[in-house]
Amino acid sequence: MPLDDLIVSRAIIDEYHTTLVDALNMDVAIVGGGPAGLVAGYYLAKQGYKVSLFERKLSIGGGMWGGGIMFNKIVLQEDALKVLNEFNVRVKKYRDNYYVADSVETVGALIYHATQAGLQIFNCMSIEDVKITADDAVCGLVVNWTSVELTNMHVDPITFGAKFVIDATGHSCDMANIILKRIGKVLFTPTGDIMGEGSMNAELAEKVVAENSREIYKNLYVTGMAANAIWGSKRMGPIFGGMLLSGKKVADDISARLAQEAVNA
Ligand code: 48F
């Protein structure tokens with residue numbers, strides 16, 4: 001059967017259009033496709049929630065691809081294996097409480113299982129603002145193509161609705177920074193501000209990152225490295241167990257909220 005180039009184009013346009021329109025009203029919107037955002041998306045999608053992840057770059061995976069200094073291996077501690085095992089990644093015990101995985105295999109597995117669970121990923125899109133309600137609660141995202149951002153063209157964005165938003169943007173804490181810029185120092189931190197990331201200490205950083213992964217403003221949650229930066233905790237470098245546990249923790253918190261909303265409705 002002959003192939004028609006225009007049908008190829010039409011298939012892409014039709015299917016992307018359908019996906020985009022379907023995402024206009026979501027339960028959860030995740031900003032950032034690093035390990036924490038992907039794990040959060042996996043657990044939420046697995047429970048049947050409508051969840052999309054927006055990533056600025058062409059490739060999903062954030063800072064996980066490069067392992068440590070581009071040696072593409074990552075280290076995980078024992079606690080995190082229960083999460084990693086859900087993704088069928090091969091791990092090697094290095095010594096007690098230190099496990100090593102291939103970073104490329106791990107990113108591939110996170111993306112595969114998250115999308116198979118129902119997570120919708122939009123790449124090449126940057127979040128430039130949040131949508132807010134009359135009382136300044138977060139209720140969606142303002143989105144543009146990364147190419148528009150990079151070329152600084154004057155093109156207006158479009159808006160998506162979401163009951164909850166997760167800031168999974170890593171060191172840059174983009175969503176928290178948007179709240180500070182637009183609304184002020186109203187974060188749920190002791191200062192209302194981003195408290196700032198401390199220097200490297202894997203032990204201290206990993207201990208608190210899951211606990212730091214929680215609501216930071218009305219309907220806005222944080223996960224991953226952004227959680228430690230916002231709550232003033234340390235950085236951890238190429239140990240990734242905390243990222244996985246953090247993604248699960250934020251998914252658990254939000255699914256509890258969504259379940260409660262369903263009961264109240
Ligand atoms: O940085 P990233 O991997 O965040 P993470 O999931 O993991 C952190 C680790 O990689 C590592 C670490 C822990 O061991 O210290 O750094 O917390 O992924 C964040 C993603 O968010 C995207 C960015 O391109 C990256 O892929 N991102 C950042 N800002 C935006 C964004 C934005 N405004 N819109 C869309 N995507």
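The values are calculated or read from the model by the stated rules, or taken from the named source; none is laboratory data. These figures come from a predicted structure and were not determined experimentally. Neighbour counts run over all protein chains shown; Cβ positions are idealised from the backbone, glycine included. Surface accessibility is based on the protein's heavy atoms, side chains included, excluding ligands, DNA and RNA. Shrake-Rupley method; radii C 1.70, N 1.55, O 1.52, S 1.80 Å.
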³J(HN,Hα), Karplus 6.51/-1.76/1.60, whole Hz, each residue of the range 168-173, x for Gly, Pro | 10, 8, x, 4, 7, 6
Report K73's accessible area, 1.4 Å probe, all protein chains in place, as a number in Å² to the nearest 10.
-> 110
Calculated Rg and Dmax of the chain using C-alpha coordinates, Å | 18.5, 66
Convex hull of the range 128-230 built on C-alpha atoms - directionally averaged projected area, nm² = 7.3
Most fluctuating residue given options N177, N212, N97, as computed from a GNM of the chain linking Cα atoms under 10 Å | N97
Quick one: putting +1 on the C-beta of Lys and Arg, -1 on the C-beta of Asp and Glu, what dipole do you get for the chain around its Cα centre, in Debye to the nearest 20?
-> 640
Extending each Cα 7 Å along its Cβ direction at E105 and N201, get the distance between those two points in nm, one decimal.
-> 3.4
Long-range amide H partners of K131, meaning residues 5 or more apart or on another chain whose placed amide H is closer than 5 Å, are C139, G140, L141, V142
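Ignoring ligands, DNA and RNA, what percent of the 1.4 Å accessible area of the range 1-41 is carbon and sulfur? Kindly include the intermediate steps, with their values, before the conclusion.
Working: 1630 of 2500 Å².
Within the range 1-41, the accessible surface is 65 percent carbon and sulfur.
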Report, in debye and to the nearest 20, how large the dipole of the range 75-126 comes out about its Cα centre when Lys and Arg carry +1 and Asp and Glu carry -1 on their Cβ.
-> 100
With a sphere of radius 15 Å drawn around the Cβ of E149, what net charge do the other residues whose Cβ falls strictly inside it have (Lys, Arg +1; Asp, Glu -1)?
-> -3
Under the Karplus curve 6.51 cos²θ - 1.76 cosθ + 1.60, θ = phi - 60°, whole-Hz ³J(HN,Hα) for the range 143-155, x wherever Gly or Pro sits = 10, 9, 5, 4, 5, 5, 4, 5, 8, 6, 6, 8, 10
On the full set of protein chains, 1.4 Å probe, figure out the accessible area of Y42 and give it in Å² to the nearest 10.
-> 20
Counting only complete DSSP H runs, which helices of the chain cover 24 Å or more along their long axis at the Cα atoms and score a mean Kyte-Doolittle of -1.0 or above?
-> 5-22, 241-264
The alpha-carbon pair-distance distribution computed for the range 1-156, with 5 angstrom bins and whole-percent values, is 2, 8, 14, 17, 17, 14, 11, 9, 5, 2, 1, 0
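Protein chains only, probe 1.4 Å: how do T191, T19 rank by accessible area, largest first?
Numbers: T191 85, T19 40 Å².
Reading off the accessible areas and sorting them downward yields T191, T19.
Find the relative contact order for the range 1-84 and round it to a whole percent, using C-alpha pairs within less than 8 Å whose residues are 6+ positions apart. Don't skip to the end; give the middle numbers.
Working: 61 pairs, mean separation 19.9, N = 84.
Normalised by residue count, the contact order of the range 1-84 is 24 percent.
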Extended-chain gain in nm, criterion 0.36 nm per residue less alpha-carbon gap, V21 and M1 = 4.0 nm
Could you please put D27, D156 in sequence from largest to smallest accessible area, using a 1.4 Å probe?
-> D156, D27
Just need the relative contact order of the chain here, percent rounded to a whole number, with Cα pairs under 8 Å and 6+ apart.
-> 22
Computed on alpha carbon atoms, what radius of gyration and Dmax characterise the range 85-178, expressed in Å?
-> 17.9, 54
Rounded to a whole %, the carbon-and-sulfur portion of the accessible area of the range 108-265 at a 1.4 Å probe is 53
Among M200, M175, G37, pick out the residue whose Cα is farthest towards the positive end of the charge dipole of the chain, where Lys and Arg carry +1 and Asp and Glu carry -1 on C-beta, about the Cα centre.
-> M200
